[in-house]
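Undergrad: So that we are looking at the same thing, I have put the structure below in structure tokens.
The values are calculated or read from the model by the stated rules, or taken from the named source; none is laboratory data. What you see is a predicted model, and the numbers here were worked out from it, not measured in a lab. Reconstructed Cβ throughout: ideal geometry from the backbone, glycine too, with neighbour counts over all protein chains shown.
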Amino acid sequence: MRETVLDVRGTNVRMFEAGTGPTVLVLHGIDGLAVDPLLSDLSKSFRVVAPEFPGFTRSPIPDWMMSVNDAAFFTLDLIAALGLPQVHLVGHSIGGWIAAEVAIRSTHALASLSLLAPAGVMPREAPGQDVFLLSGEEGVRALFHDQALADQEIAARAGDELDIMLQNRAGLARLAWTPRMASVVLPHWLHRIDIPTFIAWGREDRILPFSTHEVFLKEIAGAEFLALSACGHAIPQERGAEVARRMGAFMNGAN
């Protein structure tokens, strides 16, 4: 994947891009931007654009970005800056919450919506682990059902600087501190999503419990759902290739 920078109304956004075809805009999860199996497999059939959201990894968060609501409007500006009539919007975790907030505001520029274990809704059961209370290694292990993959991820991050983890936590806290990773009003507005929607969730998700999908399915008319056995919150890493295939067929049908 090649790295590019896009100016979005004065904010420089670092992005990964790869592939050709219809554009898929992928909003990353709580651990920031990284090349994962989901991006790589999607890029075989689509043009994939994966921005690093302000506040994560090494991108400073603007003073005016105080909530997921601001992040949603910023994403609409980012889509406009791409200069394309329509994109397939994909979001994982916090990125899924942002993607849902984009879609309840305007679907004019969206061909479809895919939500992978999206945050934004309070679970009906006990909440998952509070990521703000976990150490770096504990946080990685909580993301994965397959702990062998967690071991690989921990080893891959061994050289990462502490400030990257702290920045990701700070960016997440700015957007989703109270209540943790959820909105009391989002369920009321999900009915406004009027484009083809795909939802996937890992049955062993320890960050956002599996049952949380019920609210999204109830409120988004006609949404397609994929339950992933033996999968935690890290869907792009644990089941990226499988989900990319299902999403590819879904997005082709939405065109």
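Undergrad: Taking into account only those residues within segment 77-96 that are crowded, with 24+ Cβ neighbours inside 10 Å and of a type outside the set (A, V, I, L, M), which is farthest from P54 (Cα to Cα)?
TA: H88
Undergrad: Hey, another quick one. Tell me, please, whether a residue that is out of contact with any Leu (no Cβ under 9 Å at 6 or more places or on another chain), among the aromatic types (F, W, Y) and under 17 Å from G120 (Cβ atoms) can be found in segment 56-79.
TA: Within segment 56-79, one or more residues are out of contact with any Leu (no Cβ under 9 Å at 6 or more places or on another chain), among the aromatic types (F, W, Y) and under 17 Å from G120 (Cβ atoms).
Undergrad: Something else about it: Give segment 79-102 a look and list any residue that's part of a helix (DSSP H, G or I), of a type in the set (G, A, S) and under 12 Å from the mean Cα position of the chain (by Cα), or say none.
TA: So the first thing to find is which residues in segment 79-102 are part of a helix (DSSP H, G or I), and the list is 79-82, 94-102.
Remaining after also requiring of a type in the set (G, A, S): 80-81, 95-96, 99-100.
Selection gives G95, G96, A99, A100.
Undergrad: For segment 56-112, what are the residues that are among the charged types (D, E, K, R) and out of contact with any strand residue (DSSP E or B) (no Cβ under 7 Å at 6 or more places or on another chain)? Talk me through it step by step, then tell me what you get.
TA: Start the filter on segment 56-112 by keeping residues that are among the charged types (D, E, K, R), which leaves 58, 63, 70, 77, 101, 105.
If the condition is that a residue be among the charged types (D, E, K, R) and out of contact with any strand residue (DSSP E or B) (no Cβ under 7 Å at 6 or more places or on another chain), then R58, D63, D70, E101, R105 are the ones that fit.
Undergrad: Look at A223 and say whether it is at positive phi, in contact with a strand residue (DSSP E or B) (Cβ under 9 Å, 6 or more places away or on another chain) and not aromatic (F, W, Y). Break it down into steps so the answer makes sense when it comes.
TA: Numbers: at positive phi: no; in contact with a strand residue (DSSP E or B) (Cβ under 9 Å, 6 or more places away or on another chain): yes; not aromatic (F, W, Y): yes.
The answer is no for A223.
Undergrad: Could you list, in sequence order, all residues of segment 112-148 that are under 30 Å from A254 (Cβ atoms), at pLDDT 85 or above and surrounded by fewer than 20 Cβ atoms within 10 Å (Cβ to Cβ)?
TA: M122
Undergrad: Here's another thing I want to ask about it. For A249, indicate whether it is part of a helix (DSSP H, G or I), of a type in the set (A, V, I, L, M), surrounded by fewer than 19 Cβ atoms within 10 Å (Cβ to Cβ) and in contact (Cβ under 8 Å) with a residue 12 or more places away in the chain. Working first, answer last.
TA: Values: part of a helix (DSSP H, G or I): yes; of a type in the set (A, V, I, L, M): yes; surrounded by fewer than 19 Cβ atoms within 10 Å (Cβ to Cβ): yes; in contact (Cβ under 8 Å) with a residue 12 or more places away in the chain: no.
Taking the combined requirement at face value, the residue does not satisfy it.
Undergrad: Which residues, taken from segment 132-188, are touching a residue at least 12 places away in the same chain (Cβ under 8 Å), not in a helix (DSSP H, G or I) and not aromatic (F, W, Y)?
TA: H145, D146, R157, P179, R180, M181, A182, S183, V184
Undergrad: From the set of residues in segment 8-63 that are assigned to a loop (DSSP other than H, G, I, E, B) and among the β-branched types (V, I, T), which is surrounded by the most Cβ atoms within 10 Å (Cβ to Cβ)? Don't jump to the end; show me each part of the working.
TA: Taking segment 8-63 first, the residues assigned to a loop (DSSP other than H, G, I, E, B) are 9-10, 19-22, 28-36, 43-46, 52-63.
Subsequent filtering for residues that are among the β-branched types (V, I, T) retains 20, 30, 35, 57, 61.
Working: T20: 11, I30: 23, V35: 13, T57: 19, I61: 19.
Applying the filter and picking the extreme gives I30.
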